[in-house]
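In what follows, a single structure is set out as structure tokens and then discussed.
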Amino acid sequence: ENVNINRLCDEAINFCFHAMPANAPGFNCRIVKEYSEDLPEVNMARSEVSRVILNLLNNAVYALRQKKQSGSEPDFDPVITVTTRQEKGKAVIINRDNGTGIPEKVMEKIFVPFFTTKPPNEGTGLGLSMSFDIIKAHGGVLTARNQNGAVFEIRLPCGDS
């Protein structure tokens, strides 16, 4: 179906934040939305791409919580920024956090099935691998990089150039 990306991101954000008290008791963070208002709708399997966005948000919350608990920055202000825009015929969704980031030795493996950096019972190693495959099945690309925390970028074909 044709989907409004900004609404899809809002739904995932709302779901993530309503689940936060159960998944991360006592933890809170800010969310910043930087949405492009001129994005065309994107043809997709809505629930699958929503699952990808939610997985990225949950991973960001985990990284932010880890950094906050480390006490390395006493005045640490945990923030997730979700940005949408259109670039060269692609709808772009960027999920950025100012958490722990991704260790360089881990970066090349993060989309490999069953690879996880989380302790037992906290991660299966399937979230990012399945997310990568879902975006690829939609003709898109999912990438990761470090930039004062982790940045995950989804690029999906949207038909407008």
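The values are calculated or read from the model by the stated rules, or taken from the named source; none is laboratory data. Source: prediction; values computed, not measured. So basically every Cβ, Gly included, is an ideal-geometry build from the backbone, and we count neighbours across all protein chains shown. Only protein heavy atoms, including side chains, enter the accessible area calculation; ligands, DNA and RNA are left aside. Shrake-Rupley method; radii C 1.70, N 1.55, O 1.52, S 1.80 Å.
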Extreme residue, surrounded by the fewest Cβ atoms within 10 Å (Cβ to Cβ), among residues of the stretch 28-46 that are in contact (Cβ under 8 Å) with a residue 60 or more places away in the chain and in a strand (DSSP E or B): N43
Filter result for the condition that a residue is under 18 Å from the mean Cα position of the chain (by Cα), within 20 Å of M130 (Cβ to Cβ) and of a type in the set (V, I, T), over I31, I93, I80: I93
Unmet requirement for T117, which otherwise passes all of (1) open to solvent by 80 Å² or more (accessible area, probe 1.4 Å); (2) closer than 26 Å to V32 by Cα; (3) not in a helix (DSSP H, G or I): (2)
Residue among T100, T83 that alone is of a type in the set (S, T, Y), buried (at least 17 other Cβ atoms within 10 Å of the Cβ) and assigned to a loop (DSSP other than H, G, I, E, B): T100
Verdict on V49 being within 20 Å of I134 (Cβ to Cβ), among the β-branched types (V, I, T) and open to solvent by less than 50 Å² (accessible area, probe 1.4 Å): yes
Some residue of the stretch 13-27 being modelled with pLDDT of 95 or more and under 13 Å from the mean Cα position of the chain (by Cα): yes
